[in-house]
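Below you'll find the structure, written out as structure tokens, and then a few comments.
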Amino acid sequence: MTDRPRARISSRKQPKQARSAELVSAILSAAAHVLAKEGAQRFTTARVADKAGVSVGSLYQYFPNKAAILFRLQSDEWQQTSGLLHRILEDDARSPPERLRALVHAFLRSECEEAAMRVALNDAAPLYRDAPEAQEAKSSGDRILLAFMREALPGVEAATRAQAADLITATLSGVGKRFSEKPRTAQEIEAYAEAMADMFCAYFESLQRR
């Protein structure tokens, strides 16, 4: 049995002029609106073009198909998350436990603020998640977290640090998804994040005592 061909997810070309950049921005803004409103199943290039007020032909100058648009939205979200990780986990003015606590709070707030978009992107993930571009984009955050683990747990074996990083990533992702499934108040987010941070910090302390 042969593998199904993967959809092309790379943009056709990068905008070089301000007008082209504005067009791409309008397409992506429209795509985010359509995805959040219609969901992944009803997401089409025609709907995006209509919402952006451009022709489908103009859209295809930059994105070859809907998978490419969805991947760009997901890639932008991953870059935003990587930026968040960089700012918090590489802030050596704070101790590792303080950074970990700040990360949990920031992540949970972000999950709740962008819940509709994240759910829709997760539904659309089968269109692009196995592509090399997607794998590389997602691995950036993993590298940042592992670097933090080396600093926070210097006396712990590498395999244990890697396991801890995987556990934290999986827990944040799973709990964030579940917690953000319904509207939350700022107080609820604060309390839940503080409890999660306490749990992670206690886990770090237990690893250091072994």
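From the residues in segment 90-119 that are open to solvent by 50 Å² or more (accessible area, probe 1.4 Å) and of a type in the set (Lys, Arg), which one is farthest from Val34 (Cα to Cα)? Among those that are open to solvent by 50 Å² or more (accessible area, probe 1.4 Å) and of a type in the set (Lys, Arg), it is Arg94.
Among the residues of segment 59-77, those identified as outside any loop (DSSP other than H, G, I, E, B) and buried (at least 16 other Cβ atoms within 10 Å of the Cβ) are Leu59, Lys66, Ala67, Ala68, Ile69, Leu70, Phe71, Arg72, Leu73, Gln74, Ser75, Glu77. Contact annotation: residue pairs with Cβ atoms under 6 Å, 6 or more positions apart or on different chains, pairing a residue in segment 91-112 that is aliphatic (A, V, I, L, M) with a partner that is in a helix (DSSP H, G or I) and surrounded by fewer than 18 Cβ atoms within 10 Å (Cβ to Cβ), are Ala106/Leu84.
The values are calculated or read from the model by the stated rules, or taken from the named source; none is laboratory data. A quick note: this is a predicted structure, and the numbers were derived from the prediction, not measured. Reconstructed Cβ throughout: ideal geometry from the backbone, glycine too, with neighbour counts over all protein chains shown. Remember, those area values only see protein heavy atoms, side chains included, never the ligands or the DNA or RNA. Shrake-Rupley method; radii C 1.70, N 1.55, O 1.52, S 1.80 Å.
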